[in-house]
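Report on the structure given below.
The values are calculated or read from the model by the stated rules, or taken from the named source; none is laboratory data. Treat the numbers as computed from the prediction; the structure is a model and nothing was measured. Methodologically, a virtual Cβ is constructed for each residue, glycine included, from the backbone with ideal geometry; neighbour enumeration extends over all protein chains shown.
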Amino acid sequence: MSATSPVPALPAQYAGTSAAQTVAGLPSGTVVCDMYEPRGAEIYHDFTLGDPSEVQDILREVRATGSGTILELAAGSGRLTLPLLALRREVLAVDLSAAMLDLLRTRLDRLPVPTAARCTAIQGDITDYVAPRPVAAAVLGTTSVSLLTRPQRQAMLRRTWENLAPGGILVLTNTQIGADAGDLAERTLEVRGASGAVYLVHDLVAPDRSGRYTVVVGPDSGPQWPRTVCHSYIRVLPLDELLADLTAAGLVVEHIATLPGERYAASLIRARKEGAR
Ligand SMILES: C[S@@+](CC[C@H](N)C(=O)[O-])C[C@H]1O[C@@H](n2cnc3c(N)ncnc32)[C@H](O)[C@@H]1O
């Protein structure tokens, strides 16, 4: 969903928030867009490039599968893809966003050729992507399962079961709004990206705790490159609902761990397709 307007405005659900006020005060010509559209993707990439969240936890799970192709779902610009490639296995990196995949390909181009050659970047929808061969491990990190509606999630899980080799695992993470989320008031913080640019990040929790909103205001970079604001909504899935969907898709949930976070913790789940590898 894109909104590029002469008078910047966030979607209606942000009405009354301090994020909406900030954006309303920006000059006309400011680009307001979804986080994974071209301009948003560059911002997302810059401010998450050095983020180590989940990386070691996911690598530990995948490494334990020993060998075989890794299917990375919603790979984005490669924050997890590059560490997965370091396991010296084939990686199929699937994402819907051409802009995010362009950033991934740029990163792959900077790697030694034999390493980059083990990764295939694929534009596709994780709800219906068919892998060219059965995979030993599928990864859906960064709590990206929360971006899918329930029917999309159920389709993604069924398809992932089909893509997995018998005995293969799915590792995914899911956002939790922890008790330490405090009064759920809107929070604003400054984050420095890998490029040195400073972003103003607004973080809001829906009043019923059903989801969270992130609005990132990019820096004023001069007339040639108008300021960009990007936004994303992340559903908070009840864990029991997600576990029920995993089971209904034929996967056996083996392990659930909590990954602590400052405001939002995450659950890391390992589920297996039955059978011997
Ligand atoms: C939070 S980002 C995570 C990217 C990457 N894993 C990381 O850690 O930076 C979520 C990604 O999910 C992708 N995405 C959302 N829905 C998708 C779908 N149905 N199929 C494929 N990718 C999807 C977006 O394009 C975006 O790149």
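Key figures for this structure:
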{"item": "Failed item in (1) near the ligand (Cβ under 10 Å from one of its atoms); (2) more than 12 Å from the chain's Cα centre (by Cα); (3) part of a helix (DSSP H, G or I), with A93 passing the rest", "result": "(3)"}
{"item": "T115 without any contact (Cβ under 8 Å) to a residue 40 or more places away in the chain, outside the structural domain of C33 (by TED's automatic domain parsing) and part of a helix (DSSP H, G or I)", "result": "yes"}
{"item": "Lone unmet requirement of (1) more than 10 Å from the ligand (Cβ to nearest atom); (2) assigned by TED's automatic domain parsing to the domain that holds G167; (3) in contact (Cβ under 8 Å) with a residue 24 or more places away in the chain; (4) farther than 27 Å from R263 by Cα for E61", "result": "(4)"}
{"item": "Which listed residue is away from the ligand (no atom under 15 Å from the Cβ) and closer than 22 Å to D46 by Cβ, from A121, A116", "result": "A116"}
{"item": "Total residues in segment 226-248, condition closer than 13 Å to T173 by Cα and without any contact (Cβ under 8 Å) to a residue 24 or more places away in the chain", "result": "1"}
{"item": "Count - residues of segment 124-152 that are of a type in the set (K, R) and either surrounded by 24 or more Cβ atoms within 10 Å (Cβ to Cβ) or not in a helix (DSSP H, G or I) (or both)", "result": "1"}
{"item": "Positions within segment 226-247 being aliphatic (A, V, I, L, M) and more than 17 Å from R270 (Cβ to Cβ), in sequence order", "result": "V229, I234, V236"}
{"item": "Boolean, G68 is away from the ligand (no atom under 11 Å from the Cβ), in contact (Cβ under 8 Å) with a residue 12 or more places away in the chain and not in a strand (DSSP E or B)", "result": "yes"}
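Listed here are the residues, each with its yes/no results for (1) part of a strand (DSSP E or B); (2) assigned by TED's automatic domain parsing to the domain that holds Y36; (3) among the aliphatic types (A, V, I, L, M); (4) surrounded by 13 or more Cβ atoms within 10 Å (Cβ to Cβ).
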residue: V216; (1), (2), (3), (4): yes, yes, yes, yes
residue: S221; (1), (2), (3), (4): no, yes, no, no
residue: H231; (1), (2), (3), (4): yes, yes, no, yes
residue: L243; (1), (2), (3), (4): no, no, yes, yes
residue: L246; (1), (2), (3), (4): no, no, yes, yes
residue: G261; (1), (2), (3), (4): no, no, no, yes
residue: A265; (1), (2), (3), (4): yes, no, yes, yes
residue: L268; (1), (2), (3), (4): yes, no, yes, yes
